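For reference, the structure is listed below as structure tokens.
The values are calculated or read from the model by the stated rules, or taken from the named source; none is laboratory data. Please read these numbers as outputs of a predicted model, since none were measured by experiment. Neighbour counts run over all protein chains shown; Cβ positions are idealised from the backbone, glycine included.
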Amino acid sequence: MLSVHELRYRWPGASADCLDIAAFELPDASTVFLYGPSGCGKSTLLGLLAGVLVAQSGRVEFLGQDWATLPGGRRDARRADHVGVVFQQFNLLPYLSVLDNVLLPCRFSARRAQRCVGSPAAAARSLLQRVGLAQDLWLRPAAALSVGQQQRVAAARALIGAPELVIADEPTSALDTALRDDFMALLLGECRASGATLVFVSHDERLAAQFDQRLSLPDLNLAASR
Amino acid sequence: MSALLHIAARSAYNRRGTLALVVLSIALATALLLTLERLRTDIRASFALAVSGTDLVVGARTGPVQLMLYAVFRVGSATSNIGMDSVRAIAAHRAVAWVVPISLGDSHRGRAVVGTTPEYFTRFAYGDKQPLVVAKGRVFSGTLDGLYEAVLGAEVARAMGYTLGQRIILAHGLAGLDGALAAEHGDKPFTVVGVLAATGTPVDRSVHVSLQALEAIHLDWVGGAPLPASAGITITAENARKFDLEPKQVTAALVGLKGRAAVFNVQRFVNGYEAEPLMAVLPGVALDELWAVLGLGEKALLAMSGLVALVSLASLVAVVLAGLNERRRELAVLRAVGAGPRHVLLLLAAEGAWVTGLGAVLGAAGAALAVGFAGPWVQQQFGITLSAGAPTAAQWGLFAAVLAAGMLASLVPGLRAYRLSLADGLSPRT
């Protein structure tokens with residue numbers, strides 16, 4: 001699914017490498033907890049895994065293809081086809097309805113639209129139902145939702161069209177404990193149900209127990225120890 | 001692609017308040033630019049059409065521009081006159097159809113007084129050979145009985161509130177508007193017998209009297225001042241009729257030919273006239289020369305409207321750039337669901353194009369409405385006929401320039417967003 005070899009990444013204008021990772025591998029349909037303190041390069045690694053950033057050296061292979069060998073447009077298309085993303089917050093376009101937000105990946109990727117069970121709209125409704133969002137909210141603008149509700153919609157959006165990889169960047173840090181546990185259960189459950197690999201990033205090690213695999217970025221990252 | 005445009009539309013609708021202001025400012029700039037351009041071409045047109053149907057203008061030897069200035073536009077004064085003998089000699093030339101002498105120098109409350117013959121009203125033409133039309137009353141008779149009759153241009157009658165039967169007094173020389181400094185011909189008042197229809201030419205600002213009347217009011221004057229009462233020579237208005245009132249000199253003459261082909265022939269004849277130094281100019285050529293001088297003001301107008309357009313386009317860029325930071329999250333979301341940096345660029349450029357296009361179209365409509373509604377008023381106030389017709393080539397050019405500049409300007413924030421989204425990675429680093 002994902003394999004990283006001799007990865008080095010330096011932000012433009014920076015004087016030292018941000019990431020220097022010898023190797024790691026993520027199998028299909030696994031759930032991975034990636035943790036480390038703030039500023040250790042977690043988001044940068046996610047950008048590299050999702051093909052938004054390209055490493056200066058080394059390989060990041062996703063589904064057997066190194067991101068660096070693809071031109072920008074192809075990387076964007078590939079990401080749209082195979083990757084779902086949940087951010088910490090502000091996941092939704094506030095002026096679109098909840099339903100339209102969930103359908104966004106299908107607008108950029110024909111593959112995601114095709115992989116929906118039934119029509120994309122039907123798949124979106126079914127996902128919204130599964131993440132427990134009341135039906136009367138579906139046509140409201142996303143801006144009208146609470147933070148907890150927005151994260152559920154974001155999860156539904158990341159999962160629509162069954163992408164092979166779901167990336168979640170601290171998706172629970174804006175939620176209180178009760179909401180956080182609900183959301184964790186939902187995200188893990190849905191990813192396992194659809195067979196997606198989940199890469200979940202957090203600085204909160206208490207969440208680690210529920211995952212198949214745990215990776216500590218400070219341990220992986222040779223640049224941090226220099 | 002269509003999904004992207006749909007999102008662009010929804011996003012723009014979400015920020016409609018700010019965007020409406022940008023559209024408004026572009027619309028205002030476009031309207032100003034197009035109206036100024038219309039004004040510029042129409043001023044030029046009314047200027048070029050100040051005289052037509054006259055083949056040559058003849059005066060004392062001076063510069064062509066100066067001759068046009070005083071003979072046609074009634075600005076400034078002649079340095080010397082031409083003799084009536086010369087005028088008669090020109091009239092006798094076999095290629096000449098008609099000659100209308102004009103005599104200038106007096107004024108009425110700041111408006112030029114033109115001494116001429118009744119033939120002036122049938123021979124003089126403006127615009128596309130449009131003749132003068134008497135709106136009220138009649139032209140002066142040119143006989144001794146009707147010696148003190150005056151025909152007013154449209155603007156004179158309107159500005160002074162004069163109508164038929166009004167008694168007016170002419171002032172000697174070109175005095176200020178109130179005539180305070182000029183000696184007046186108070187002993188020989190004129191009666192208004194006719195008012196001309198508006199033409200948008202200097203005729204509107206002229207008072208027309210007969211050549212004989214000008215002779216009559218100057219009978220007891222010497223060297224630009226009335227003879228002092230001590231001299232004991234005063235000639236009443238009534239008595240003036242007993243004198244020989246045939247003018248010896250006039251200021252200039254308008255000449256019409258039997259055929260255009262002879263124009264250079266006659267011009268050579270006049271320029272080479274031996275009895276006194278004369279000059280004949282072709283009105284069209286001299287008008288072009290004159291316009292070249294006045295063209296500076298025209299360029300200033302154009303430069304000003306260009307600056308206005310520049311400022312409003314700069315405001316478009318500023319508004320979009322200022323909104324970019326708050327849109328970074330939106331763009332990050334779009335990138336996360338599969339939009340590439342080029343989609344982001346397209347999104348912003350499409351919005352800029354729409355905003356500019358809408359503003360430009362609204363501005364053009366506004367300009368057309370303004371010309372349509374204000375046209376009659378401008379014609380009345382300034383004598384400039386604004387044509388509300390189809391846009392000129394230059395107007396189309398300006399319209400296209402606004403559109404092109406607007407789209408280019410919207411690429412500036414687009415490119416910045418492109419670079420930001422490349423550097424941001426998956427989530428905005430702020």
Checklist outcome for this item: Per the filter on region A:105-129, residues within 7 Å of chain B (Cβ to nearest Cβ) and either within 19 Å of A:L187 (Cα to Cα) or in contact with a Leu (Cβ under 7 Å, 6 or more places away or on another chain) (or both) are A:P105
Checklist entry - Of all the helices (runs of 4 or more DSSP H) wholly in region A:1-109, which have at least 1 residues that are in contact with a Cys (Cβ under 9 Å, 6 or more places away or on another chain)? => result A:42-49, A:98-108
Checklist entry - Would region A:68-91 turn up any residue that is out of contact with any Asp or Glu (no Cβ under 8 Å at 6 or more places or on another chain), away from chain B (no Cβ under 14 Å) and not acidic (D, E)? => result yes
Item to check | region A:34-55 residues that are over 20 Å from A:E205 (Cβ atoms) and in contact (Cβ under 8 Å) with a residue 24 or more places away in the chain, paired with ones that are of a type in the set (F, W, Y) and surrounded by fewer than 23 Cβ atoms within 10 Å (Cβ to Cβ) (beta carbon under 7 Å, 6 or more apart) | outcome: A:G51/A:W67
Next on the checklist: Return the residues of region A:73-128 that are among the aromatic types (F, W, Y) and surrounded by fewer than 20 Cβ atoms within 10 Å (Cβ to Cβ); say none if nothing qualifies.
Outcome noted: A:F90, A:Y95
Checklist entry - Restricting to region B:243-267, what's the tally of residues that are more than 32 Å from the chain's Cα centre (by Cα) and under 13 Å from B:V96 (Cβ atoms)? => result 1
Checklist entry - Which one of these is out of contact with any Pro (no Cβ under 6 Å at 6 or more places or on another chain), in a helix (DSSP H, G or I) and at pLDDT below 85: B:L24, B:L33? => result B:L33
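Here is a yes/no grid of residues against (1) buried (at least 18 other Cβ atoms within 10 Å of the Cβ); (2) among the aliphatic types (A, V, I, L, M); (3) in a strand (DSSP E or B):
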site	(1), (2), (3)
A:A185	no, yes, no
A:E190	yes, no, no
A:A193	no, yes, no
A:L198	yes, yes, yes
A:V201	yes, yes, yes
A:R206	no, no, no
A:A209	no, yes, no
A:L215	yes, yes, yes
A:D219	no, no, no
Checklist entry - Quick check: is even one residue across region B:271-279 under 28 Å from the mean Cα position of the chain (by Cα) and assigned by TED's automatic domain parsing to the domain that holds B:G115? => result yes
Checklist entry - Tally time: how many residues in region B:329-340 are more than 7 Å from chain A (Cβ to nearest Cβ) and either small (G, A, S) or over 14 Å from A:N91 (Cβ atoms) (or both)? => result 1
Item to check | Scan of region A:29-67 for residues that are polar (S, T, N, Q), buried (at least 19 other Cβ atoms within 10 Å of the Cβ) and either more than 13 Å from chain B (Cβ to nearest Cβ) or touching a Phe, Trp or Tyr at 6+ places or on another chain (Cβ under 7 Å) (or both), ordered by number | outcome: A:T31, A:T44
Next on the checklist: With the requirement that a residue be surrounded by fewer than 21 Cβ atoms within 10 Å (Cβ to Cβ) and part of a helix (DSSP H, G or I), what does region B:1-10 give you?
Outcome noted: B:S2, B:A3, B:L4, B:L5, B:H6, B:A8, B:A9, B:R10
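Within region B:300-307, is even one residue touching a residue at least 12 places away in the same chain (Cβ under 8 Å), more than 14 Å from chain A (Cβ to nearest Cβ) and under 30 Å from B:A71 (Cβ atoms)?
There is at least one residue in region B:300-307 that is touching a residue at least 12 places away in the same chain (Cβ under 8 Å), more than 14 Å from chain A (Cβ to nearest Cβ) and under 30 Å from B:A71 (Cβ atoms).
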